[in-house]
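Enquirer: I have a structure I would like to understand better, so I am pasting it below and will then ask my questions one at a time.
The values are calculated or read from the model by the stated rules, or taken from the named source; none is laboratory data. Keep in mind that this is a model prediction, so the values were computed, not measured. Please note: Cβ atoms are built from the backbone with ideal geometry, for glycine as well, and neighbour counts cover all protein chains shown. Protein only, heavy atoms only, side chains kept; ligands, DNA and RNA dropped before computing areas. Shrake-Rupley method; radii C 1.70, N 1.55, O 1.52, S 1.80 Å.
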Amino acid sequence: RDRSPLELAPGAVHVPGWLTLDQQYELVEACRSWAIGPVPIRHTRLPNGGVMSVQTVCIGWHWQPYKYTRTADDVNGAQVAEFPANMIELGRRALVDAYQDPTAGDGYTPDAALINFYGEQAKLGMHQDKDEKSDAPVVSLSIGDTCVFRFGNTENRNKPYTDTELASGDLFVFGGPSRFAYHGVPKVYPGTGDPATGLAGGRLNITMRVT
Ligand code: AKG
């Protein structure tokens, strides 16, 4: 695959195949451990009574709709795992490569990540990431099954949007004028991932944020 960055909209960049297989394997191992504890991965309950089809575990700060806390008060009350320094570095390199600017990562210090696991039927509705007080970019890493990623606009939940596929190893950055764009995952293609990532099935997505 061509690994050149593709700009979907100003500030929204897709870099196919950004992570090596080794990096994917390491991230899968780390996520497997975070999924066990201190806060176990779970289907998040929404205030409207809905339950998300994706399963989520957080590091650094715990996201519960619709705020960040240090302790997972809607799960087991435990403090979430620390945000590791090597992921801060990975986030900085992601910005440098996506924006093709050696200074793009300067001063970028993500302090939270949402780790989402998508089973065969899981989807994520169109939403904005707006519970962060910072307008620093969101860095998204995908591992495992390919999905349809729907990237919209900052004004309306629905059209206009662009559908693109995110495959294992892909990086997607949304910052600048696209930071608060609506986005979602309408479909995952089961069985499309490479088990050599350490993920036998499903899709893993990690989004780093500055809260
Ligand atoms: C989010 O965590 O806010 C997402 O939108 C995840 C997107 C994805 O799974 O690619």
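Enquirer: If ligands, DNA and RNA are left out, what is the accessible area of residue 2 with a 1.4 Å probe, given in Å² to the nearest 10?
Expert: Number for this one is 110 Å².
Enquirer: Another question, if that's okay. Determine the share of the chain's accessible area contributed by carbon and sulfur atoms, expressed in whole percent, with a 1.4 angstrom probe. Display every interim value, and only then the final one.
Expert: Values: 4930 of 9750 Å².
Here carbon and sulfur together make up 51 percent of the probe-accessible area.
Enquirer: Longest exposed-loop-site-free stretch of the chain, with GluC sites (Glu not before Pro), DSSP loop and at most 14 other Cβ within 10 Å?
Expert: Of all site-free stretches, the longest is 1-81.
Enquirer: Looking at region 79-144, what % of the alpha carbon pairs are farther apart than 21 Å?
Expert: On the way: 760 of 2145 pairs.
Result for the distance tail: 35 percent.
Enquirer: Considering only DSSP states other than H, G, I, E and B, which trypsin sites (Lys or Arg not before Pro) in region 1-54 qualify as loop sites with at most 10 other Cβ atoms within 10 Å?
Expert: 1
Enquirer: Give, in nm to one decimal, the length gained when the segment between residue 86 and residue 135 is fully stretched (0.36 nm per residue of separation minus the Cα-Cα distance).
Expert: Additional length available on full extension: 15.5 nm.
Enquirer: Kindly flag which residue pairs out of 67/133; 123/159; 133/159; 159/187 have an alpha-carbon separation exceeding 20 Å in this structure. Show your work: numbers first, answer last.
Expert: Numbers: 67/133 10 Å; 123/159 18 Å; 133/159 26 Å; 159/187 17 Å.
Beyond 20 Å between Cα atoms: 133/159.
Enquirer: Then there's this: If region 6-209 were replaced by its equivalent ellipsoid, with semi-axes equal to the square roots of 5 times the Cα gyration tensor eigenvalues, what would those be, largest first, whole Å?
Expert: After scaling each eigenvalue by five and taking roots: 22, 19, 19 Å.
Enquirer: For region 115-186, which trypsin sites (Lys or Arg not before Pro) pass both filters: DSSP loop (anything but H, G, I, E, B) and at most 13 other C-beta atoms within 10 Å? Working shown, then result.
Expert: Numbers: sites: 123, 130, 133, 150, 157, 179; in loops: 123, 130, 133, 157, 179.
Those that pass, being in a loop and sparsely packed, are 130, 133, 157.
Enquirer: While we're looking at this one, here's another question. Please state the relative contact order of region 6-209 as a whole percent: Cα pairs under 8 Å, 6+ residues apart?
Expert: After rounding, I find 27 percent.
Enquirer: Sticking with this one: Grab the DSSP H runs of the chain that are 4 residues or longer, score each as -39,500 (n - 2.57), total them, divide by all residues and round the 222 nm result to the nearest 500 deg cm²/dmol.
Expert: So the helix-based figure for the chain works out to -5000 deg cm²/dmol.
Enquirer: May I ask you to evaluate 6.51 cos²θ - 1.76 cosθ + 1.60, the Karplus curve with θ = phi - 60°, for each residue of region 19-31 and list the ³J(HN,Hα) values in order in whole Hz, giving x for glycine and proline?
Expert: Computed from phi, the couplings for region 19-31 are 7, 6, 4, 4, 5, 5, 4, 5, 5, 4, 4, 4, 5 Hz.
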